[in-house]
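The values are calculated or read from the model by the stated rules, or taken from the named source; none is laboratory data. What you are looking at is a predicted structure, and each value in this text was computed from that prediction instead of being measured. With ideal geometry, Cβ positions are generated from the backbone for all residues, glycine too; neighbour counts draw on all protein chains shown. Only protein heavy atoms, including side chains, enter the accessible area calculation; ligands, DNA and RNA are left aside. Shrake-Rupley method; radii C 1.70, N 1.55, O 1.52, S 1.80 Å.
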Amino acid sequence: MVNVETEKSDSLNQTILIVDDETTTIDIIKSALKDSGRLLVATNGNDALRVLKSNSVDLVLLDIIMPGMSGYDVCRALKKNTETASIPIIFLTAKGHDLDEIEGLSLGAVDYIRKPFLPGLLALRVANQLELSRYRNQLEALVYERTRKLEKVQKSLYKAQEISHLGNWEWDLNTHLHSWSDELFRIFGFLPQQFEPTYDDFIKVIHPDDLMEASNTIKKILVSSETNCQSQHRIITKDGEEKIVLGRGELLRDETGKPVRMIGTVQDITEQQRVENVLHESELRFKSIVEHSPIGIVISLPSGKISATNKAFQTILGYNEHELSEMNVNEISDPRNPETIKKQIDNLLSGKQDFIQLEKRYLHKDGKTIWARVSAGTVKNDYNEVMFNFSFVESLMEQRQSDLDMSRVKEQLEVKERERLARELHDGPLQDFQLFILEMKQLVLGQLSNHTVIRDEVSKAISNIINGTDALRQIASQWYPEFLERMGLVSAIKTTSSKLMDRTGVNIEVTGGEDWEIVDSVISRNVFMIFREAVTNAVRHADVPNIWVVMQRTEPGRHILTITDNGHGFESQDVKASSVGLAIMRERAQRIKVELDIQSKLGHGTTIKIEIPTDDPDYFSR
């Protein structure tokens, strides 16, 4: 099916093709992009290719999983066709694996958005790509226009050489006779050889405002030791036309050094000057477009030295234009960028690659990391040598914050669901178990007091029920640690240690934590779960007399939790990968993107350590 939305579009009238087989998704996209331009819709790959044959499209939003041709197949077909290869493609798909994104971008897509998506975020990313497309088209148009005018200038010069559009003259200083070439007569607006020219005729055509300077140039060479002179000035022809000419002269002397003759040329450079003025105006317009672009633009030499930047790029990194002009692109790149990214950039600078698109980290002036999407290319001369590199840089910090917010919302919803289950478990089965225990105790103490065997069996049943109740209560508290939110992480660790010490008799010593400032609820909850699992496992399985819990904070702000016991320990090779306690702790550590360090030796106890890099600006955006 093919559908076309022809209602209101922006003044730039850009066209977006939506390719998706789900009508619900199409409706959401159309609603989000209703003000972004003219919308075309195709529900499968073959229809999309037909639409592209008959319509000029500025951007394609492409699903991957569709009947018939997949989104990947459609992308390949577009990139193979020279007429559609330059159309930007954004994959919008439910395929969420990183390898899927890598494949999509490697096929030439400019972006990859996973479903479900935020309509507002989709509109912003589409707007950025459309804006980039517009500026790319404008740049190409400017380059084309400048190339066209340069070619025109070259043709004019070739034509001028062909017809000798360079007049020459000769002046005998002894007889004061002048001779002009035919072309010089034409330049001055006369018919060739129309009259016998004189020095006064030569002077008369010079524009009155330029006459003194031009005359002085000639007089100066006659009284000096110089032999060559040059003057650019205006002339007024017989018909009143004003021209710009470039005059050159050479003074000839006899064997005694006396000036005897001058020869020279006059070239009409009016058209050349006009074209140069047009080009200068074009360059000013191009510079204005770059300067006011909302996308960061940086131009660098093959050596990596930065030669030009615009305001948007300066704002992204916090440097001014002069500071950046003294820097190399490597100085503003985060050294933690993967080697694959560094290799692509090196290939671009060296000319091995003509164009790259990637996401990388820059270093802000204040030291923080700035994630950005970069589209970069090279400009080469006729000898295939790199003249300079250009990059379009779009900050991703707002996008990454949005992704982080979505992740937090998702985890908070999961936590609330666990809390609900915990409350239901506490208010339902646990209450029933407790009532059953009370009734059975009364029965044992009353009616069965003379029936020893039955009483013993019932006592065993009561004991099993009590153990089961404790287990359910522990599970519920794991799901819903109310006191953690009431007391905070440090107090919750200290309170739990005190209660466990009272119940088991194990000595648990807790130190530090006074300077801890972990306010993130997700991080606090998972750190607490790792602590409780560690001490509970030590009490249950390690036969420990002592446990030491240490909460440290290093400068400038890393939080370290260390749990050490002097139990029987274990050898690392004896621990199964499926060990429940360790699996739970590892899963919790993975949730908050930290490493779980476990050190143990048979007969020497165990140490479990986690380090939360809260001093790293990138940590909260992972």
Between residues in the stretch 181-202 that are touching a residue at least 40 places away in the same chain (Cβ under 8 Å) and residues that are surrounded by fewer than 19 Cβ atoms within 10 Å (Cβ to Cβ) and of a type in the set (D, E, K, R), which pairs lie under 6 Å by C-beta distance while being six or more apart or on different chains?
Gly189/Lys238; Gly189/Asp239; Phe190/Lys238
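Could you go through the stretch 322-336 and let me know if any residue there is more than 19 Å from Met387 (Cβ to Cβ) and at pLDDT below 85.
Pass one, the stretch 322-336, residues more than 19 Å from Met387 (Cβ to Cβ): 322-324, 326-327, 330-336.
Now narrow it down to the ones that are at pLDDT below 85: 336.
Checked the stretch 322-336: at least one residue is more than 19 Å from Met387 (Cβ to Cβ) and at pLDDT below 85.
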Output the residues belonging to the stretch 350-361 that are farther than 14 Å from Gly304 by Cβ and either hydrophobic (A, V, I, L, M, F, W, C) or open to solvent by 30 Å² or more (accessible area, probe 1.4 Å) (or both).
Lys352, Gln353, Asp354, Phe355, Ile356, Gln357, Leu358, Glu359, Arg361
Need at least 2 residues that are hydrophobic (A, V, I, L, M, F, W, C), open to solvent by less than 60 Å² (accessible area, probe 1.4 Å) and under 18 Å from Ser181 (Cα atoms) per element, so show me which strands (runs of 3 or more DSSP E) inside the stretch 193-268 make the cut, counting only ones lying wholly within it.
242-253, 259-268
Those residues of the stretch 487-506 that are part of a loop (DSSP other than H, G, I, E, B), in contact with a strand residue (DSSP E or B) (Cβ under 9 Å, 6 or more places away or on another chain) and surrounded by fewer than 15 Cβ atoms within 10 Å (Cβ to Cβ) come to a total of 0
Quick one: Asn347 ticks every box in (1) over 17 Å from Leu317 (Cα atoms); (2) at pLDDT below 85; (3) surrounded by fewer than 16 Cβ atoms within 10 Å (Cβ to Cβ) bar one, so which box is it?
(2)
Out of (1) surrounded by fewer than 20 Cβ atoms within 10 Å (Cβ to Cβ); (2) at pLDDT below 90, the odd one out for Arg50 is which?
(2)
Residues satisfying the stated conditions in the stretch 276-307, i.e. open to solvent by less than 30 Å² (accessible area, probe 1.4 Å) and on the phi < 0 side of the Ramachandran plot
Leu279, Ser282, Val290, Ser293, Ile295, Gly296, Ile297, Val298, Ser300, Ile306
Qualifying residue in the stretch 277-293 (condition: in a loop (DSSP other than H, G, I, E, B), within 30 Å of Gln129 (Cβ to Cβ), under 54 Å from the mean Cα position of the chain (by Cα) and at pLDDT below 90)
yes
Given the conditions (1) part of a strand (DSSP E or B); (2) surrounded by 15 or more Cβ atoms within 10 Å (Cβ to Cβ), report the number of the one that Asn337 does not fulfil.
(1)
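Please find, among Ala577, Ala589, the residue that is open to solvent by 50 Å² or more (accessible area, probe 1.4 Å) and modelled with pLDDT under 90.
Details: Ala589 fails: open to solvent by 50 Å² or more (accessible area, probe 1.4 Å).
Every option except Ala577 fails the conditions.
With respect to Gln552, is the statement that it is within 38 Å of the chain's Cα centre (by Cα), modelled with pLDDT of 85 or more, open to solvent by 30 Å² or more (accessible area, probe 1.4 Å) and within 23 Å of Ser491 (Cβ to Cβ) true?
yes
Got a number for residues in the stretch 376-396 being assigned to a strand (DSSP E or B), open to solvent by less than 10 Å² (accessible area, probe 1.4 Å) and more than 14 Å from Ile332 (Cα to Cα)?
Residues that pass the stated criteria total 3.
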Of residues in the stretch 56-72 being over 26 Å from the mean Cα position of the chain (by Cα) and not small (Gly, Ala, Ser), the one surrounded by the fewest Cβ atoms within 10 Å (Cβ to Cβ):
Pro67
Free of Cβ contacts under 8 Å to residues at least 12 places away in the same chain and open to solvent by 40 Å² or more (accessible area, probe 1.4 Å): is that true of Arg148 in this structure?
yes
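Looking at the stretch 584-610 only, could you name the residues that are in a strand (DSSP E or B) and among the acidic types (Asp, Glu)? Talk me through it step by step, then tell me what you get.
Start the filter on the stretch 584-610 by keeping residues that are in a strand (DSSP E or B), which leaves 596-600, 606-610.
Matches in the stretch 584-610: Asp597 only.
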Go through the stretch 179-192 and give me each residue that's open to solvent by less than 60 Å² (accessible area, probe 1.4 Å), under 18 Å from Ile263 (Cβ atoms) and not small (Gly, Ala, Ser).
Trp180, Glu183, Leu184, Phe185, Ile187, Phe188
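Would it be correct to say that Asn310 is more than 20 Å from Val110 (Cα to Cα), without any contact (Cβ under 8 Å) to a residue 40 or more places away in the chain and either of a type in the set (D, E, K, R) or open to solvent by less than 30 Å² (accessible area, probe 1.4 Å) (or both)? Walk me through it before giving the result.
Working: more than 20 Å from Val110 (Cα to Cα): yes; without any contact (Cβ under 8 Å) to a residue 40 or more places away in the chain: yes; either of a type in the set (D, E, K, R) or open to solvent by less than 30 Å² (accessible area, probe 1.4 Å) (or both): yes.
Judged against the criteria, Asn310 is a match.
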Would you tally the residues in the stretch 163-178 being touching a strand residue (DSSP E or B) at 6+ places or on another chain (Cβ under 8 Å) and either at pLDDT below 85 or open to solvent by less than 60 Å² (accessible area, probe 1.4 Å) (or both)?
7
